[in-house]
Amino acid sequence: MDDMIIAMLNLIGGGPPVGMSDLLRSPGEYNETLYNAVILVHNTVVKPITTIVLAIMAVVMLSTQSSRMDADRELGIKIIAGTMLKIAIVLIACMWAPKILDAIAGVSVIIANGINEVDFTGGSGGGDYKLGDEIGSDTVGDLGDTDKLVMLIMLFLPWVLMNVGGAIAFVMVFLRFLQMFLLSAFSSLPVAFFAHEDTKQMGVGYLKAYASVALSGAIMILGVALYQALVLGFTQNQTGSIPEDSDALMTWASDNFLVFIVAPIVLIIIMFKAHGLAKNLVGDA
């Protein structure tokens with residue numbers, strides 16, 4: 001019974017038990033087989049279409065600009081040279097489009113790892129705060145059998161809520177990577193739209209969409225870290241410190257019962273809101 005109480009407290013204080021560590025990895029590290037499949041689809045299906053689209057856009061742009069040569073040949077040559085240079089730059093960007101997306105995802109990974117390494121809980125850095133271990137097995141072991149049973153009953157609902165939150169977090173992490181893989185499969189096609197002013201916003205919107213999905217992972221990591229600090233802050237502020245004896249433990253648990261219920265619900269809301277918050281960061285609200 002002692003180990004069960006400590007395990008419940010560890011889960012309630014630490015956040016989702018599975019899936020969050022995946023947010024510290026790039027899409028290729030998360031699932032190399034799926035990543036390679038996406039790249040294969042892009043290279044064999046999407047890239048030829050991108051080439052055709054870019055060729056059509058180049059012909060239209062050059063034919064439009066060439067009409068200016070009749071009025072001013074020197075200016076027309078400069079305009080055509082600038083157009084060809086622009087097309088060449090977009091062509092190179094299309095060739096390296098998957099790497100551009102990898103760079104965007106890499107920024108999110110760097111931010112997520114940086115957040116994960118910050119000590120939010122006064123000695124339990126790395127996003128691994130263990131509330132039950134902080135209380136200690138000796139303190140829990142000194143409780144009477146009746147108090148232990150009451151403690152289990154009090155912790156059961158928060159424990160269930162955190163497991164539900166963990167399941168939701170696991171699904172959200174999976175969907176986040178799935179969105180990144182799906183967007184990566186078409187990476188060069190939206191980039192080709194940068195060649196023309198009338199279609200440029202389509203490429204900008206695509207990059208913003210990918211960046212918002214990637215950054216949602218960092219926001220989820222931040223949400224868990226702040227959740228841990230929230231639980232620690234409330235539980236310490238209620239009594240001044242984590243209880244160190246069995247007499248104070250029951251009072252501490254009853255005082256913080258509402259916190260233990262509300263905090264997992266808040267965390268679940270953060271998981272659902274992560275993508276929307278990330279869209280605000282990239283100016284795509």
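Summary of values
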read-out: Likely footprinting exposure, THR33, THR51, THR251, fewest C-beta neighbours within 10 Å first; value: THR33, THR251, THR51
read-out: Pairwise centroid distance, computed over Cα atoms, of the stretch 206-224 with the stretch 144-176, Å; value: 26
read-out: Shape call, the stretch 1-42: gyration tensor on alpha carbons, a/c limit 1.5; value: prolate
read-out: In Hz, Karplus ³J(HN,Hα) per residue of the stretch 273-281 (6.51, -1.76, 1.60; θ = phi - 60°; x = Gly, Pro); value: 8, 4, 5, x, 5, 5, 4, 5, 5
read-out: Out-of-range pairs (alpha-carbon distance over 31 Å; input LYS78/LYS279; LYS130/LYS208; LYS86/LYS273; LYS47/LYS279; LYS78/LYS200; LYS200/LYS279); value: LYS78/LYS279; LYS130/LYS208; LYS86/LYS273
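Readers should treat all values here as calculations from the given coordinates under stated rules, not as data from a laboratory. All values derive from a computational prediction rather than experimental measurement. Methodologically, a virtual Cβ is constructed for each residue, glycine included, from the backbone with ideal geometry; neighbour enumeration extends over all protein chains shown.
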